[in-house]
Amino acid sequence: MLAMFFWAFVIGGLICVVGQLLFDVAKLTPGHTMSLLVVIGAVLDGFGLYEPLVDFAGAGATIPITSFGNSLVHGALQDAKAHGIIGVLTGMFQVTSSGISAAIIFGFIGALIFKPKG
Amino acid sequence: MLKGQQSWVFENRPMITATGVTGGPFEANGNLADDFDLLYEDLWMGKESYEKAHRLLLEEAIKVALEKGKIQKEQVQFLFAGDLINQITPTSFAARTMQIPYFGLFGACSTSMEGLALSSFVVNYKGADYVLTGASSHNSAVEKQFRYPTEYGGQKPPTAQWTITGAGVALVEPNKPDKQYPITTSATIGKVIDMGLSDPFNMGGAMAPAAVDTIVAHFRDLKLDPSYYDLIVTGDLGRVGHETAFELLGKNGLKLERGQFKDCGLLIYKEDQPVQAGGSGAGCSATVLYGHLLNELKKGTYKRILVVATGALLSPLSFQQKESIPCIAHAVAIEMNGEKR
Amino acid sequence: MLKFSVVFAALLIGAEGVRLLRFLVNQRKICSPVIILPYYEKTIKVIDKSMGIRKGKHMKIIYFLTFCISALLLAACNQNQPVKDSQLALMKTTNPSPIVTNHATRKSDVDEIKKEVSEVPEIYDVAVVKGDKDTLVAYKVKHLHRFKMKKIESNVNKQLEEQYPKENFTVSSDYKVFLEAVRLNEHMKSHRYSHSKAESRLKELVKMTEDLK
Amino acid sequence: MASNQKNMTPQQKNYQTLQQKHELKRPVLKNCVKAFLVGGLICMIGQAVSYFYIYNFNFTEQSVGNPTVATMVFFSMLLTGFGVYDHIGQFAGAGSAVPVTGFGNSVISAAIEHRTEGFVLGVGGNMFKLAGAVILFGVFSAFVVALIKTLLVMWGVL
């Protein structure tokens, strides 16, 4: 368990460093960087590399935004296995829904109770 | 009177008789807090949106200026003002409240000097008895439009600048020889200069050549020597732009002393405030000039100053379409009444 | 000097947080961030005042530290009861004894399965639960081998199916399954679970494991 | 930036080299260290949250990702609402932007910001103005990847 914390820290930190390098060296905007990382996550899962990383680093791999691409592909592949090619379309959000729905719901709640502080 | 290619000389020497300067909480912690007339503790200023707070800043600054000038708003002929928000609504809405005939100006952060040059010109040729001119900006309202939401956790690079919250307004009227007020003597209107920079987080670097171009034009048109002015102060070049402009001026044959060349964006905040490269925004040059610099002039610290307000004429749209940032700068020379030429 | 004061503030807030949490736990209130937040806002304000910090450069560090500390405390806050094996099941090697839900089955069979699995080099800490039909094998994988966890799982499954063709195996390396196996073990030992109850819990676990695939 | 380098006048090029000398450099190494530490810490908190769910609720290691992500987004809402997250972001850069908390922050900050324009056109219309790109490219790339993989499996290549 302690090893898990350690590796979550290291892998999560390293993914963030990749993001920072995209910010500072490649001079990308946050929007571009995040989009790129999500695409990387999706492609890695396409090669079947992201799942072992999740096994290895736990939250270190599921908390960074790359896991968003990973779980989108995952959902799509799962449904594709069950329903053939059309499953690619229908299964996309099956696994990922939590992050997006949480963001939408909490975003709206936040808008109800908070004011921007400036 | 036109002199040279792009400069005016105001031989009737319009006076700046009163100013009103308002600021926000961040400016209250800054270097020049004492030079503000009114400081707000809260960015909201008791309003329900930042845009309304922005409008309030300008309204209050106008009221202070009128009060100090001891005149009624009905006596003022024109208002020359502007800001950075889309269609300059805060200024227009403030003009609606004040009911003063109004010219809406947009020159991004150079609006303050554009307004001062125009109002001096109008007053110089007896176009008006009283003219108000000013510029304002509100950090959160401007950030919201040009960058990201204020609560968004994006990292700003060290070249980024902090839009100031504040408004500066000046009352310009014809010269009365016995009064000790600052007067405007000449102005140079700048060209739009584009050096192909396109990083919106490095405005200073983009604006520096415009400032240099205008300063060079000013000295050429008026056939003056740089030592004529005690201080040449730029609007909001920030750390990057200030250094660049200094070197560029040297290359153009204008040898300035270090202490003779300053920047409003660097004056306004303390070293340890997290503003990266310095302050910016339409209110930056307006608050610093109408607050701090005029006070220093009155105290006699400076005799003649040249204020060069710089503006980056970009929009969020133009930058997303990968356009470079065109920039402009206007210069106005100010000295105390009664100084010998 | 600044750094020291920041560290000091963090410690102070940390200590305050601990006291507050103790209080809340003792009062049998739930440890939820919603309850804590107003307190910690207040604490931060007090510290701001005492240190003369205005919202600026180092505020964010303090905020961040407090957030981290309180989050860590939150995760650790239900540790006030006497420590049971299952609570530490994920932290250390528990090595639980194999369980049979039906006392009619011979225990030696299960011991053998456990030994068999324990011999796989990448694996440590094995829990075996044998029911009427299903046998659940849960184990932990040495951390650096977790990359090929799925492969190990299928290898172990294959190996067991070959050796005990009559049995119906469910193999899992999931912490949760392991944890539940240990908990089941404890319940059996304390005789809180009857045979049928244990059997139904085992079925739940098997189903949970199947859902993972 | 690099793309329009070609059609620049020599004057512009000269100026840019001069300007570059004065441009404040981004402290890349320092930023990376900060991003690593903060990003790692956020992931560690995520790990703690996920163990909390494994212990107390019926979640396995595979399925615990969802509640963990939702909880982290909830934390992110609180920090954003209290006006802390932007300060963390300035300090940590990608360290707080890359984890889902950063995704949550981009949605929530936009939602809070545009509240003055009303809930339908303001909050509703602008909520995804930053995060929309992430969702778009995530979904589209996932679609392409999954499609290719499914087709390859169907044709028996894999």
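One table, with the values for the structure above:
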item	result
Ranking of B:Thr91, A:Thr33 by count of other Cβ atoms within 10 Å, fewest first	A:Thr33, B:Thr91
Rounded to 5, the percent of DSSP beta bridges in region C:85-212 classed as antiparallel	50
Linear extension gain, B:Gln77 paired with B:Ser318, 0.36 nm per residue minus alpha-carbon span	83.2 nm
Selected from D:Met44, D:Met127, D:Met72 as most flexible by GNM, with chain D as the system and alpha-carbon contacts under 10 Å	D:Met44
Check: chain A dipole with +1 on Lys, Arg Cβ and -1 on Asp, Glu Cβ, in debye	420
Span-like helix ranges in chain A, DSSP H, alpha carbon extent 20 angstrom or more, Kyte mean at least 1.0	A:2-24, A:30-46, A:97-113
At least 18 Å along the helix axis (C-alpha) and Kyte average at least 0.0, DSSP helices within chain B	B:111-124, B:203-222
Which of B:Leu57, B:Gln145, B:Ser120, positive extreme of dipole for chain B (C-beta unit charges)	B:Ser120
Percent of beta bridges antiparallel (DSSP, region B:182-336, rounded to nearest 5)	70
Proxy reagent accessibility, fewest Cβ within 10 Å first, across B:Cys327, D:Cys32, B:Cys109, D:Cys43	D:Cys32, B:Cys327, D:Cys43, B:Cys109
Theoretical ellipticity at 222 nm over chain B - DSSP helices of four or more residues, -39500 (n - 2.57) apiece, nearest 500	-9500 deg cm²/dmol
R0 of 56 Å, Cβ-Cβ distance C:Lys115-B:Ala28: FRET efficiency to nearest 0.05	0.15
Rg/Rh (Cα only; Kirkwood hydrodynamic radius) as it applies to region B:162-253	1.02
Dipole magnitude of region C:85-212, debye to nearest 20 (Cβ charges: Lys/Arg +1, Asp/Glu -1, about Cα centre)	280
3J(HN,Hα) from dihedral phi, region D:93-101, Karplus parametrisation 6.51/-1.76/1.60, rounded to Hz, x for glycine, proline	x, 5, x, 10, 8, 6, x, 4, 4
Sites B:Ser49 and A:Leu28, calculated FRET efficiency, Cβ-Cβ separation with R0 30 Å, nearest 0.05	0.40
Stokes-Einstein translational diffusion, the protein assembly as shown - Kirkwood Rh over all Cα pairs, 0.890 mPa s, 25 °C, in µm²/s	82
Peptide A:36-49, shielding by other chains (average Cβ, 10 Å cutoff)	5
Cα centre as origin, Lys/Arg/Asp/Glu Cβ charges: the protein assembly as shown dipole, Debye	800
Average beta-carbon neighbours from other chains, 10 Å sphere, peptide B:20-28	1
Peptide B:199-209 - average C-beta neighbours from other chains (10 Å radius)	3
Approximate shape of region B:2-173 as ellipsoid semi-axes (Cα gyration tensor, √5λ), whole Å, largest first	29, 18, 15
Label point 7 Å beyond Cα of A:Leu89 along Cβ direction - residues of region D:139-158 with amide nitrogen under 18 Å	D:139-151
Farthest positive-ward along region D:1-106 dipole, Cα basis, beta-carbon charges - from D:Gly102, D:Ile45, D:Ala35	D:Ala35
Projected area averaged over orientations for chain D, convex hull of C-alpha atoms, nm²	16.5
Summed side-chain charge close to D:Gly104 - residues other than D:Gly104 whose Cβ falls under 15 Å, Lys, Arg +1, Asp, Glu -1	-2
Of all DSSP beta bridges in the protein assembly as shown, antiparallel share, percent nearest 5	60
Reachable aspartates and glutamates from D:Lys34, criterion Cα separation under 18 angstrom, eight or more residues apart if same chain	A:Asp24, D:Asp86
FRET efficiency, B:Ser92 to B:Gln145 (Cβ-Cβ, R0 22 Å, nearest 0.05)	0.90
Packing-based ranking, highest mean first, of B:307-315, D:9-17 given that Cβ atoms within 10 Å are counted	B:307-315, D:9-17
Dipole of the protein assembly as shown [Lys/Arg +1, Asp/Glu -1 at C-beta], most positive-end residue of B:Ala135, B:Gly168, D:Phe119	B:Gly168
Total formal charge among the other residues, if their Cβ is under 10 angstrom from that of D:Thr150, Lys/Arg +1 and Asp/Glu -1	+1
Net charge contributed by nearby residues that have their C-beta within less than 9 Å of B:Met98 (K/R +1, D/E -1)	+2
Packing-based exposure ordering (other Cβ within 10 Å, fewest first) of B:Thr22, C:Thr94	C:Thr94, B:Thr22
Number of Lys pairs (Cα under 19 Å; 8 or more positions apart or on different chains) in region B:252-310	4
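Each reported figure results from applying straightforward, stated rules to the coordinates on display, with no laboratory input. Note that this is a predicted model, so its numbers are computed, not measured. Positions of Cβ are backbone-derived with ideal geometry, glycine not excepted, and every protein chain shown enters the neighbour counts.
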